[in-house]
Amino acid sequence: MSSMPRFTHPRLEDVPLDLALHALADPNRLAMVARLAATERLSCTDAAPCESIPKSTLSNHLKLLRAAGLIETTQAGREMINTLRRSDFDRRFPGLLDVVLANSIA
């Protein structure tokens, strides 16, 4: 029996503002969130801000985004699919994502 990855997705009411801001403060993670905001869902490699990012770094970025309640990761066959928890995040922190994304995309 193969083990399937288990990802922790916090309840958004348990996510403090400083954790959400920390996740959005890194340019690579912010680029990942922007890519997810522009599309419905992305695989882990498609969410990467650049092709040269090491897998371990990408994995860490995704872990931090999950911990902050920004993304949900599910398994689809052999791929891990990420979706932005936009509506949940917006209910928890109204307008925050809109402001951050509007001021980061040039």
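Between Thr39, Thr83, the distinction of being among the hydroxyl-bearing types (Ser, Thr, Tyr) and either within 19 Å of Arg6 (Cβ to Cβ) or touching a His at 6+ places or on another chain (Cβ under 9 Å) (or both) belongs to Thr83 only. Evaluating Asn82 against the criteria (1) within 19 Å of Ala102 (Cβ to Cβ); (2) in contact with a strand residue (DSSP E or B) (Cβ under 9 Å, 6 or more places away or on another chain); (3) surrounded by 19 or more Cβ atoms within 10 Å (Cβ to Cβ) leaves one unmet condition, (1).
Taking region 13-31 as the search range and keeping residues that are in contact with a Lys or Arg (Cβ under 7 Å, 6 or more places away or on another chain) and assigned to a helix (DSSP H, G or I), which one is most open to solvent (accessible area, probe 1.4 Å)? Steps first, answer last, please.
So in region 13-31, the residues in contact with a Lys or Arg (Cβ under 7 Å, 6 or more places away or on another chain) come out as 13, 15, 23.
Of the ones still in play, those that are also assigned to a helix (DSSP H, G or I) are 13, 23.
Values: Glu13: 114, Ala23: 1 Å².
Selected residue: Glu13.
Of the residues making up region 32-55, those that are assigned to a loop (DSSP other than H, G, I, E, B) and among the β-branched types (Val, Ile, Thr) are Thr39, Ile53. Per the listing Leu58, Leu97, the residue uniquely farther than 16 Å from Asp18 by Cα and assigned to a helix (DSSP H, G or I) is Leu58.
The values are calculated or read from the model by the stated rules, or taken from the named source; none is laboratory data. Because the structure is a prediction, the values reported are computed rather than measured. Heads up, the Cβs are rebuilt from the backbone with ideal geometry, glycines too, and the neighbour counts pull from every protein chain shown. These accessible areas exclude ligands, DNA and RNA; they are computed on the full protein's heavy atoms, side chains included. Shrake-Rupley method; radii C 1.70, N 1.55, O 1.52, S 1.80 Å.
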